[in-house]
Amino acid sequence: ELGFDGAINYRTEDPGPQLDKLAPKGFDLFFENTGGPIQNLIFERMNAHGRVVVCGMIADYNKAKPSPGPNWIPIIKKRLTIQGFTMPDHFAEVPSLLAKLTPYVMAGQIKHRAHVLEGLESAIEGLNLFFTGENKGKLIVKL
């Protein structure tokens, strides 16, 4: 429905073989936003000179102690570039981004889902959906 070439449900299937099937030549770019066990599977499959953008680690947000980080030896051998990404660094670019992307969204060329909850009282429920993976699309609390 959303036009992806493939997807993996890491909760119901072994992600390693699925990653090999969907990306037999490995990965050149990895946008890390969740952390957790799949992270190491991706690092193992990164191509030389690949890039890793780290935006979030939701798998660790509610843990008292974060998960151990990646093994640095393969990262060095593969000469990977790793950089943190945070949205506030790019706020000035939002108007330009909206001008470019809005026509694609309006024409149906970029598809998205919105999971809308009604009322401020549903905000805590919405926050909990992030940790269970039950939200289906961009989570919005409508006031």
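The values are calculated or read from the model by the stated rules, or taken from the named source; none is laboratory data. Predicted, not measured: the structure shown is a model, and the values here were computed from it. With ideal geometry, Cβ positions are generated from the backbone for all residues, glycine too; neighbour counts draw on all protein chains shown.
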Assess whether Phe27 counts as being in the same structural domain as Ile82 (by TED's automatic domain parsing) and over 22 Å from Lys77 (Cβ atoms). no
Only one residue in Ala114, Ala59 is aliphatic (A, V, I, L, M), surrounded by 15 or more Cβ atoms within 10 Å (Cβ to Cβ) and either within 25 Å of Gly3 (Cα to Cα) or assigned by TED's automatic domain parsing to the domain that holds Asn9 (or both), so which one is that? Ala59
Just to verify a result, which residue in the range 98-115, among those that are within 23 Å of Asn9 (Cα to Cα) and not in a loop (DSSP other than H, G, I, E, B), is modelled with the highest pLDDT? His115
Leu120 versus (1) surrounded by 12 or more Cβ atoms within 10 Å (Cβ to Cβ); (2) out of contact with any Gly (no Cβ under 6 Å at 6 or more places or on another chain); (3) in the same structural domain as Leu143 (by TED's automatic domain parsing): which is the lone unmet condition? (1)
Can you name the residue in the range 79-104 that is among the β-branched types (Val, Ile, Thr) and under 20 Å from the mean Cα position of the chain (by Cα) and is also surrounded by the most Cβ atoms within 10 Å (Cβ to Cβ) among such residues? Ile82
Is at least one residue of the range 131-142 of a type in the set (Phe, Trp, Tyr), within 26 Å of Gly3 (Cα to Cα) and touching a residue at least 40 places away in the same chain (Cβ under 8 Å)? yes
Can you tell me how many residues within the range 1-57 are among the small types (Gly, Ala, Ser), farther than 18 Å from Thr81 by Cα and more than 14 Å from the chain's Cα centre (by Cα)? 4
Going through the range 44-79 one residue at a time, which ones are polar (S, T, N, Q) and either on the phi > 0 side of the Ramachandran plot or at pLDDT 90 or above (or both)? Asn47
